[in-house]
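Shown next, in structure tokens, is the structure this report addresses.
The values are calculated or read from the model by the stated rules, or taken from the named source; none is laboratory data. The shown structure was predicted, so the numbers you read here are calculated from the model rather than taken from an experiment. Here the Cβ positions follow ideal geometry from the backbone for every residue, glycine too, while neighbour counts run over all protein chains shown.
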Amino acid sequence: MNLVEIQGVKKHFGEIHAVDGIDMHVKKGEILGLLGPNGAGKSTTISMIATLLEPTNGTILFMGESIQTNPKRIQEVLGFVPQEIALYPTLTGKENLQFWGRVYGLRSSKLKERISEISQVIGLEERLKDRVDTYSGGMKRRLNIGVALLHKPAFIIMDEPTVGIDPQSRSFILDTVRELRDQGSTVLYTTHYIEEVESLCDRIYIMDHGKIIAEGTKESLTEMIDASEVIRLSVEAVDPMLITTLQELKFVEKAVVEANSIFLTVKENGNHYQSIMNALKESGTELKGMDIQKPSLETVFLHLTGRGLRD
Amino acid sequence: MIRIWEIIKKDFKIIVSDRKALFIILAMPILLTGILSMALGGSFQESGKRMAIPVALVVEGDAELDQERFISLLDSGPLKASMTQDSRAELEGAIRDLSPIAMFQEDFLGSEGIEELVELTVMDREMAEAALDATEVHAVIVLPKHYTYDMYMNFFTPFRNQIEVEVLGHTDYQYTLRIIKEVVTGFFQVINTGIIEKNVLLSVGSLAGESEVVYENMDEIIKGFVGSIEGVQIQELQGTKRVHVDGFTYYSAAMLAMFVLFTAGFGSRSLLTEKRDHTANRMQSAGVSLLDMMVGKWVMMVGLTICQMVVLFMFSWFAFGVRWTSPAGLLITSLVVGMAIASLGTLISLISYRSNNYKVANLFESVIVQVMALLGGSYIPLEVLPKGLSLVAPFTINGLTLQAIITLQRGFGFLSVLWIWAALLGISMGLLLLVFGLSRWKGGIQHENHSMA
């Protein structure tokens with residue numbers, strides 16, 4: 001069953017088409033990844049789903065009902081974790097949880113109970129009485145997530161929740177997201193970290209320049225590029241003639257340049273290295289390094305867009 | 001509604017946790033009150049001393065001429081027939097001893113109780129009117145031509161001559177005018193009573209054929225008038241304990257009036273801070289509208305201003321010994337000032353929110369507040385400022401606030417500050433209309449605070 005359906009949604013800011021006619025859906029109980037580089041339109045898309053922005057065109061349905069005409073429908077069950085730390089720094093962790101809990105409609109003993117539970121989940125029981133501006137970046141991130149979970153939301157949107165935090169806190173956040181899914185919540189998770197999407201998401205949409213360019217599970221997406229492996233060549237400088245030569249090799253599906261690296265999508269296994277070395281030698285390009293990878297979401301993105309996710 | 005209440009509570013907690021804001025809102029006015037009172041308070045009179053109303057007395061007639069004219073009347077007509085030579089001589093002596101002008105000016109206006117409330121200066125009419133225009137005097141009493149003659153007529157004969165005393169007032173001092181009119185009316189009520197008593201005596205004496213006995217004792221009858229004049233009770237004055245304010249009182253009010261503006265400044269940053277900290281977005285995603293947030297912040301600013309004023313009133317009471325005389329009036333003033341401050345803060349907050357920067361809030365706090373403080377009399381009393389500058393005070397929130405507090409402190413009733421409260425409410429409504437207009441301008445404010453990502 002689809003919890004959210006997005007049909008032909010566009011969002012224009014003047015001449016800029018931040019989101020340019022996307023169709024997507026979120027299934028109940030899944031972790032849906034929205035992957036794309038900075039500026040792809042991910043945050044604009046989730047801002048529209050979270051009722052913070054109105055689409056220029058198109059419809060967003062939540063449980064079959066338009067959120068443009070009835071935003072309350074989604075707002076009541078939504079837990080929104082913004083990319084930024086949306087907390088009051090001069091208040092204590094507890095005061096923040098109390099305020100947001102009340103905003104979400106929790107009162108008295110229920111609120112107290114949920115604050116106690118959430119503070120355990122986010123591992124901040126000992127620091128709840130301290131002001132938030134005394135917390136580390138990771139602690140703030142965890143509280144930022146905890147706030148969104150207070151009212152046990154059925155649908156959670158997380159906008160790049162792991163940006164700029166330590167590995168321990170990141171691991172903690174990813175575990176929390178899995179637990180939420182296991183408890184029956186639906187999660188829409190945006191990130192530009194491929195490894196997070198690969199390890200976490202049941203299904204993935206890849207966005208670039210305001211459009212959905214691919215959709216599927218990790219496996220189905222990697223199968224899209226019809227390659228057995230991806231060879232990355234690190235060079236001093238990229239010669240355009242070399243790219244043409246490499247693309248003409250019959251085992252090369254596609255050659256893509258990203259900075260000083262050339263990514264070759266190779267159709268079939270085999271000893272192709274001699275041909276590659278010959279092409280490098282002919283163009284007079286000095287090889288700095290080479291590695292062979294199995295196709296991943298990063299290579300899928302590279303294959304589809306001709307550029308890397310962190311461009 | 002519950003969410004708005006939660007926003008108000010949260011904003012109060014934020015203020016309490018913000019030491020810088022608390023310092024500006026509470027500690028700064030206390031410090032400045034102390035400093036300015038010490039430095040500039042010498043020019044103020046002792047607190048609690050009653051403040052006299054400056055009044056000009058104009059005497060239009062010639063008292064000596066009137067006196068001679070009346071004495072010559074004793075030798076003609078019905079008066080001559082009703083007096084012996086001895087009683088005529090006694091009566092002339094009594095007339096020469098009695099000055100109706102001095103009776104009004106010295107015996108009445110100079111009597112205990114009225115003397116400290118009326119600061120009298122004798123002027124000619126032209127000077128008095130000029131002084132009234134310049135508000136150097138608040139009222140002018142004009143004793144008409146033949147006042148002395150008519151008063152003699154009323155005192156010493158069975159006849160009554162109508163005397164019309166004019167009382168002129170300035171439009172800015174309507175209440176004062178009312179008091180002075182009552183003073184004059186009080187005087188003539190006593191005189192009228194005395195005249196009636198005297199006429200009754202004359203009639204009884206005439207019936208008994210002993211009019212001359214009454215005239216022989218006229219001196220004693222008139223002395224009885226003077227005695228009763230000194231006991232005149234002016235009801236309006238009994239209810240008004242108009243007092244001077246000292247330096248501490250003035251600057252406690254002046255600094256309070258200035259620093260409530262910083263509450264508007266503080267509130268004006270709050271909405272943009274919510275936007276910058278992304279808490280506004282988070283609230284919106286939870287179904288809290290921008291209008292809810294603005295209403296919450298408006299109420300918060302009203303409450304904060306009232307709290308600020310009450311704390312400063314109490315502090316000045318205990319620390320500076322300022323005895324505020326009208327707690328109820330000050331509380332109402334705090335409420336209407338709070339509404340005006342909140343509306344001003346809301347307007348600036350909306351401008352800041354829409355322009356996505358603190359420039360207007362910074363300009364307000366660093367420049368506009370200082371200019372308003374100067375023009376509103378917070379640094380230098382308005383009486384000392386050049387007249388052109390002091391005219392601006394009624395258009396500033398702090399100027400009106402200061403005026404309301406000082407007026408109440410001087411012992412004027414609620415009626416005297418009603419126009420100030422109305423003006424503050426008017427300012428509040430006007431600012432809220434601007435807020436409404438700005439919120440509708442260029443497609444509203446609901447969905448504009450997001451950058452593309």
**Asked** Scanning for something assigned by TED's automatic domain parsing to the domain that holds A:LYS10, of a type outside the set (A, V, I, L, M, F, W, C) and assigned to a helix (DSSP H, G or I), does region A:199-213 turn up at least one residue?
**Response** yes
**Prompt:** Could we say that A:LYS254 is of a type in the set (D, E, K, R), under 27 Å from the mean Cα position of the chain (by Cα) and in the same structural domain as A:THR190 (by TED's automatic domain parsing) here?
**Reply:** no
**Request:** Just name the residue that is modelled with the highest pLDDT out of those in region B:380-405 that are in contact with a Leu (Cβ under 7 Å, 6 or more places away or on another chain) and among the hydroxyl-bearing types (Ser, Thr, Tyr).
**Result:** B:THR396
**Message:** Return the residues of region A:1-27 that are closer than 14 Å to A:ILE67 by Cα and touching a Lys or Arg at 6+ places or on another chain (Cβ under 7 Å); say none if nothing qualifies.
**Reply:** A:LEU3
**Asked** For the subset of region B:1-12 comprising residues that are under 17 Å from B:THR273 (Cα atoms) and surrounded by 17 or more Cβ atoms within 10 Å (Cβ to Cβ), which member is farthest from the other protein chains (Cβ to nearest Cβ)?
**Response** B:ILE8
**Asked** What is the residue count in region A:216-238 for residues that are of a type in the set (Asp, Glu) and in a helix (DSSP H, G or I)?
**Response** 2
**Fill in**
Scanning region B:293-344 for residues that are surrounded by 17 or more Cβ atoms within 10 Å (Cβ to Cβ) and of a type in the set (D, E, K, R) gives B:LYS297
**Request:** Within region A:201-213, track down each residue that is over 10 Å from the mean Cα position of the chain (by Cα) and at negative phi.
**Result:** A:ASP202, A:ARG203, A:ASP208, A:LYS211, A:ILE212, A:ILE213
**Complete:** Filtering region B:272-328 down to residues that are away from every other protein chain (no Cβ under 14 Å) and β-branched (Val, Ile, Thr) yields B:VAL295, B:VAL299, B:VAL302, B:THR305, B:ILE306, B:VAL310, B:VAL311, B:VAL322, B:THR325
**Message:** So for region A:119-131 (the condition being modelled with pLDDT of 90 or more, of a type in the set (Lys, Arg) and surrounded by 14 or more Cβ atoms within 10 Å (Cβ to Cβ)), does at least one residue qualify?
**Reply:** yes
**Prompt:** Mind checking whether some residue in region B:85-108 is among the aliphatic types (A, V, I, L, M), within 13 Å of B:VAL55 (Cβ to Cβ), buried (at least 19 other Cβ atoms within 10 Å of the Cβ) and in contact (Cβ under 8 Å) with a residue 60 or more places away in the chain?
**Reply:** no
**Prompt:** Can you name the number of the only condition in (1) farther than 20 Å from B:LEU290 by Cα; (2) facing another protein chain (nearest Cβ under 10 Å); (3) modelled with pLDDT under 85 that B:VAL16 fails?
**Reply:** (3)
**Message:** Contact list please: Cβ distance under 8 Å, first residue in region A:99-118 and assigned by TED's automatic domain parsing to the domain that holds A:ALA86, second residue crowded, with 19+ Cβ neighbours inside 10 Å and of a type in the set (Phe, Trp, Tyr), pairs at least six apart or on different chains.
**Reply:** A:PHE99/A:TYR88
**Message:** So for region A:275-286 (the condition being aliphatic (A, V, I, L, M) and out of contact with any Leu (no Cβ under 8 Å at 6 or more places or on another chain)), does at least one residue qualify?
**Reply:** no
**Asked** Going through region A:240-258 one residue at a time, which ones are exposed (fewer than 12 other Cβ atoms within 10 Å of the Cβ) and either touching a residue at least 40 places away in the same chain (Cβ under 8 Å) or under 22 Å from A:LEU221 (Cα atoms) (or both)?
**Response** none
**Item:** Which numbered condition A:VAL177 misses (of (1) crowded, with 21+ Cβ neighbours inside 10 Å; (2) part of a strand (DSSP E or B))
**Value:** (2)
**Prompt:** Can you spot a residue in region A:138-153 that is at pLDDT below 90, closer than 25 Å to A:ASN2 by Cα and in contact with a Lys or Arg (Cβ under 6 Å, 6 or more places away or on another chain)?
**Reply:** no
**Request:** Would you mind listing the helices (runs of 4 or more DSSP H) fully within region B:32-149 where at least 2 residues are at pLDDT 80 or above, in contact with a strand residue (DSSP E or B) (Cβ under 8 Å, 6 or more places away or on another chain) and over 24 Å from B:THR407 (Cβ atoms)?
**Result:** B:125-133
**Request:** Go through (1) buried (at least 22 other Cβ atoms within 10 Å of the Cβ); (2) among the basic types (Lys, Arg); (3) assigned to a helix (DSSP H, G or I) and name the single condition A:LYS11 misses.
**Result:** (3)
**Request:** Name the helices (runs of 4 or more DSSP H) wholly inside region A:22-114 in which the number of residues that are away from chain B (no Cβ under 13 Å) is 3 or more.
**Result:** none
